[in-house]
Amino acid sequence: MGPGVCHAALDNSCSGWNWKKMLGLGPLLEKNLAKAADTASRQCQVADNFTATFPREAIQDWTCMVREWEADPSYPNPYISRENASKVSKARLQLTWEEVAEAERGKETLHKVSPSIFIRAGLELEDQQYGLQSAFAGKAHSNAQKATLLERQIALLHQINKWRELQAVYMPGVPLLVTTFY
């Protein structure tokens with residue numbers, strides 16, 4: 001055998017492997033395109049249904065903001081929340097006052113947990129999820145630390161499941177969407 005036999009054998013092997021990949025690329029892309037088209041149509045329908053819940057003026061204002069930002073990124077990014085903690089606290093206080101007024105009028109809530117508490121609990125659960133994700137993403141953990149993180153995860157999952165039960169009361173369409181897409 002000559003000195004180039006090893007190189008030729010590797011070259012032939014790699015070329016054959018690449019050829020198989022190229023032949024399989026067409027059917028793979030066709031299958032993925034079909035999946036993408038199906039998912040896109042479902043997502044468009046969900047987005048249209050969600051958009052229909054907003055006033056027409058708000059949709060027009062939002063669309064205008066997005067188009068301005070896309071044309072010139074020096075405009076404020078409409079996808080970044082500009083709310084600060086004082087506004088959140090103010091809104092929370094306003095919701096609580098509204099609930100007090102409704103209670104004084106004798107209006108009962110759908111559940112013993114009020115809508116504002118439901119929303120606040122959802123936001124707190126989201127914060128806990130981010131905290132847990134960052135804890136998992138940190139440095140290497142010992143077995144005891146891993147066990148503690150897993151226990152926190154299990155407790156959080158139980159809280160999320162309880163919150164999802166409330167979600168079915170205050171947001172009746174969401175459980176169907178959750179089971180459809182997840």
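Here, each number is a calculation from the coordinates, and none is a lab measurement. Since the structure is predicted, the reported quantities are computational estimates derived from the model, not experimental observations. Here Cβ is always computed from backbone atoms with ideal geometry, including for glycine, and neighbour counts include all displayed protein chains.
Data overview
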{"read-out": "Candidates Ala168, Ala121 - the one that is assigned to a helix (DSSP H, G or I), without any contact (Cβ under 8 Å) to a residue 24 or more places away in the chain, on the phi < 0 side of the Ramachandran plot and not β-branched (Val, Ile, Thr)", "value": "Ala168"}
{"read-out": "Search result, residues across the stretch 132-144 that are in contact with a helix residue (DSSP H, G or I) (Cβ under 9 Å, 6 or more places away or on another chain) and either assigned to a helix (DSSP H, G or I) or exposed (fewer than 10 other Cβ atoms within 10 Å of the Cβ) (or both)", "value": "Leu132, Ala135, Phe136"}
{"read-out": "Residue count, the stretch 42-84 (criterion: assigned to a helix (DSSP H, G or I) and surrounded by 10 or more Cβ atoms within 10 Å (Cβ to Cβ))", "value": "22"}
{"read-out": "Qualifying residue in the stretch 151-158 (condition: among the β-branched types (Val, Ile, Thr) and either in contact (Cβ under 8 Å) with a residue 12 or more places away in the chain or surrounded by 12 or more Cβ atoms within 10 Å (Cβ to Cβ) (or both))", "value": "no"}
{"read-out": "Every residue from the stretch 6-38 that is of a type in the set (A, V, I, L, M) and under 29 Å from Phe181 (Cβ atoms)", "value": "Leu25, Leu28, Leu29, Leu33, Ala34, Ala36, Ala37"}
